[in-house]
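Student: For reference, the structure I am asking about is given below.
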């Protein structure tokens, strides 16, 4: 297993960008780490790093070698998980890349439910825009991506999908609070708290915002769903989330959520995905099943 330690060394240098920072993280000396890398390069007959004053950069050969390294590290993680499962041990770590819209309630709630059954499993959660989440999958940085409207990629497979309508959020005393379903034309009669560019909810809104540009009064533009919710208190402001962004346990009792008609704003897919060529751990597979069950339940509710 000595080669696995060397693989971890190479992976750490790439992630940290320098031998010194990687050595600090690995708890070895920088000189010893650099010597290990030079020995590896001699064995391969090719340099895998370009050495610069500000850090290390992969060569073309290094890029190829890194794919090999990360695939083997992933396979070893899965092997250990399967052995633990055979022994009845429930432990390990599941790494996720998730959309910002899922960070407040959806993902924390499912993680807590999962850990109540498997307390030995920990999670590493990175909030990322959909393109960055796919890049993290391709780089073997995460086990699963749980994202809204992801870009398509031939090396990524969908494990579960649920269509997500856009939902208007408002104070429970808002004039529209008693309506069941809204048209976007209802919303533009009031000040809007709109998502910042780059967020999926903004992409969903963009055509409607463009068509109603002359009628819209923007109260604020923000990349924070918490700020959006905060601006709804005792006001006529309206904010926007996807349906998964609504807290299942209504912790914001003063806020109500109303679905906007699909005639105005088309729903988008929420996807749980993994890298096609990567075998995920037992813990990650079981967590993906929990996500799939939740999405399936949401689909039947709608």
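All of the numbers you see were taken from the coordinates with simple rules; none came from a lab. Nothing here was measured: the structure is a model prediction, and the numbers come from that model. As a convention, Cβ positions derive from the backbone with ideal geometry for all residues, glycine included, and neighbour counts pool all protein chains shown.
Student: Rounded to the nearest 500, what is the chain's calculated 222 nm mean residue ellipticity when only DSSP H runs of at least 4 contribute -39500 (n - 2.57) each, over all residues? Intermediate values should be presented prior to the final figure.
Tutor: Values: 10 runs with 128 residues, N = 302.
Counting only the DSSP helices, I get -13500 deg cm²/dmol.
Student: Follow-up question, since we're still on this one. Report, to the nearest 10°, how far helix 200-211 tilts away from the longest principal axis of the Cα atoms in the chain, using its own Cα long axis and a range of 0 to 90°.
Tutor: 40 degrees
Student: Given springs between every Cα pair under 10 Å in a Gaussian network model of the chain, which of 125, 19, 98 has the largest fluctuation?
Tutor: Of 125, 19, 98, the most mobile in the Gaussian network model is 19.
Student: Take residue 93 and residue 51, extend 7 Å from each Cα along the Cα→Cβ direction, and tell me the distance between the two endpoints in nm.
Tutor: Inter-label distance under the simple model: 2.9 nm.
Student: What residues of segment 250-287 lie in the reach of a label at residue 234, counting those whose backbone N is under 18 Å from a point 7 Å from the Cα along Cα→Cβ?
Tutor: 252-256
Student: Just one of (1) 26, 32, 17, 17, 8, 0; (2) 29, 47, 22, 2; (3) 23, 33, 22, 14, 5, 2, 0 is P(r) over Cα pairs in 20 Å bins from 0, in percent calculated from these coordinates, so which is it?
Tutor: (2)
Student: Between residue 3 and residue 61, what length in nm is gained on full extension when 0.36 nm per residue of separation is reduced by their alpha carbon distance? Numbers along the way, then the final one.
Tutor: Working: separation 58, 0.36 × 58 = 20.88 nm, distance 1.79 nm.
Gain in length upon complete extension: 19.1 nm.
Student: Also, quick follow-up: Would you please give the FRET efficiency between residue 44 and residue 152, computed as 1/(1 + (r/R0)^6) with r the Cβ-Cβ distance and R0 = 35 Å, to the nearest 0.05? Numbers along the way, then the final one.
Tutor: On the way: r = 35 Å, r/R0 = 0.99.
Between residue 44 and residue 152 the formula returns 0.50.
Student: Just subtract the alpha-carbon distance of residue 261 and residue 15 from 0.36 nm times their residue separation and send over the number in nm, one decimal.
Tutor: Working: separation 246, 0.36 × 246 = 88.56 nm, distance 4.42 nm.
Gain on stretching residue 261 to residue 15: 84.1 nm.
Student: What angle, in degrees between 0 and 90 and rounded to the nearest 10, separates the Cα long axis of helix 30-44 from the longest principal axis of the Cα atoms of the chain?
Tutor: In the chain, helix 30-44 runs at an angle near 80 degrees to the longest axis.
Student: Let me ask something additional. Can you tell me which of 275-284, 204-213 comes out highest on packing, and rank the rest after it, using the mean Cβ neighbours within 10 Å? Walk me through the numbers on the way to the answer.
Tutor: Details: 275-284: 19.8, 204-213: 15.3.
My ranking of the peptides, most packed first, is 275-284, 204-213.
Student: Return the whole-Å distance between the Cα centroid of segment 47-65 and the Cα centroid of segment 182-248.
Tutor: Segment 47-65 and segment 182-248 have Cα centres separated by 45 Å.
Student: If I take R0 = 35 Å and measure r between the Cβ atoms of residue 117 and residue 76 in this structure, what FRET efficiency does the formula 1/(1 + (r/R0)^6) give, to the nearest 0.05? Each step should come with its number before you reach the end.
Tutor: On the way: r = 25 Å, r/R0 = 0.71.
The formula returns an efficiency of 0.90 here.
Student: Here's another thing I want to ask about it. If you count the DSSP beta bridges with both ends in segment 52-158, what percent of them are antiparallel, to the nearest 5? Mind dumping the intermediate values first?
Tutor: Numbers: 1 of 11 bridges.
Rounded to the nearest five, the antiparallel share is 10 percent.
Student: What percent antiparallel are the DSSP beta bridges of the chain, to the nearest 5?
Tutor: On the way: 25 of 42 bridges.
If we restrict to bridges inside the chain, about 60 percent are antiparallel.
Student: Order the peptides 153-162, 130-139 from the highest to the lowest mean number of other Cβ atoms within 10 Å of their residues. Intermediate results must be reported in sequence, preceding the final value.
Tutor: Numbers: 153-162: 15.4, 130-139: 18.9.
Output ranking for 153-162, 130-139: 130-139, 153-162.
Student: Between residue 109 and residue 221, what is the spin-label point distance in nm, taking each point 7 Å from the Cα along the Cα→C-beta axis?
Tutor: Using points 7 Å along Cα→Cβ, the separation is 3.1 nm.
Student: Now a separate question. Report, in degrees rounded to the nearest 10, the 0 to 90 angle that the Cα long axis of helix 282-301 makes with the longest principal axis of the chain.
Tutor: For 282-301 against the chain, the angle is about 10 degrees.
Student: While we're looking at this one, here's another question. Which value in nm describes the separation of the simple spin-label points at residue 206 and residue 173, placed 7 Å from the Cα toward the beta carbon?
Tutor: Label at residue 206, label at residue 173, 3.8 nm between them.
Student: Taking the chain as a Gaussian network, Cα atoms linked when under 10 Å apart, which of 203, 43, 226 shows the biggest mean-square fluctuation?
Tutor: Greatest mean-square fluctuation among the candidates belongs to 43.
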